[in-house]
Amino acid sequence: MKFPVTATREHQGKTLSIDCDQETLSLFDDTGQRLSILTWGTLIEHMLSVDEDARFAHSRAHPRAPLAIKVHCTTGDGKHFDSLTGGISGGGLFIESSAPLAPGTELKVEFALPDRPSQKFETRAKVAWARSKPERYLLFPGMGIQFTDIDPEAQARLIDLVASLNRTRATA
């Protein structure tokens, strides 16, 4: 199967070719000359070796930072649970859980930020993805949730906090 590259400006005119029998992915220039070839195994290993931030960066609208804060969650059917976050952003949170909810599940999330622990924020969210078991002994099971309805003040505070945390990490 051949696919022309049309949306990636710096590679327009090139063609990706997938050979399912040989389990390879090839890149050709506009004259038909092969520029590169990768086995599926090499591609899969590369994809799995990239850290989670890089793996999902293309689908995030906001930068994120690692931070553990306590969250209280309520599902649409009234189930309640408390957990900790493993990462935060203006667009969502990673919530650690040994029993993550299924993608698409809607929930209410309540939390406070470390600089103002008495100010509680309440948002509506949905589970965007779930990880049921640890990966590479470093990544906890849990779920990435995406805010679907967040107070603009809460979102601005999250964005500012993430920027501050990332600046601090960059200079450390």
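The values are calculated or read from the model by the stated rules, or taken from the named source; none is laboratory data. Everything quoted here is computed from the prediction, not taken from an experiment. In this analysis, Cβ positions are derived from the backbone assuming ideal geometry, glycine residues included, and neighbour counts consider all displayed protein chains. Remember, those area values only see protein heavy atoms, side chains included, never the ligands or the DNA or RNA. Shrake-Rupley method; radii C 1.70, N 1.55, O 1.52, S 1.80 Å.
Considering the conditions (1) assigned to a helix (DSSP H, G or I); (2) open to solvent by 70 Å² or more (accessible area, probe 1.4 Å), Gln155 is excluded by exactly one of them, (2). A single member of Leu16, Leu25 is of a type in the set (A, V, I, L, M) and in contact with a helix residue (DSSP H, G or I) (Cβ under 7 Å, 6 or more places away or on another chain), and it is Leu25.
Yes/no per residue for (1) over 22 Å from Pro63 (Cα atoms); (2) assigned to a strand (DSSP E or B):
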position	(1), (2)
Phe81	yes, yes
Leu84	no, yes
Leu93	no, yes
Phe121	no, yes
Ala128	no, yes
Gly144	no, yes
Thr148	no, yes
Asp160	no, no
Leu165	no, no
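Tell me, please, whether a residue that is of a type in the set (A, V, I, L, M, F, W, C) and open to solvent by 30 Å² or more (accessible area, probe 1.4 Å) can be found in the range 102-115. Scanning the range 102-115 turns up at least one residue that is of a type in the set (A, V, I, L, M, F, W, C) and open to solvent by 30 Å² or more (accessible area, probe 1.4 Å).
For Leu139, the conditions (1) at pLDDT 90 or above; (2) touching an Asp or Glu at 6+ places or on another chain (Cβ under 7 Å) are fulfilled apart from (1).
In the range 58-65 there is at least one residue that is surrounded by 13 or more Cβ atoms within 10 Å (Cβ to Cβ), in contact with an Asp or Glu (Cβ under 8 Å, 6 or more places away or on another chain), under 30 Å from Ala170 (Cβ atoms) and at pLDDT below 90.
Summed over the range 1-21, the residues that are assigned to a strand (DSSP E or B) and out of contact with any Ser or Thr (no Cβ under 6 Å at 6 or more places or on another chain) give a count of 5. For the range 66-101, the tally of residues that are among the β-branched types (Val, Ile, Thr), surrounded by fewer than 20 Cβ atoms within 10 Å (Cβ to Cβ) and closer than 16 Å to Ile159 by Cα stands at 1.
Please go through the range 122-138 and pick out each residue that is surrounded by 18 or more Cβ atoms within 10 Å (Cβ to Cβ) and more than 18 Å from the chain's Cα centre (by Cα). Matches in the range 122-138: Thr123 only.
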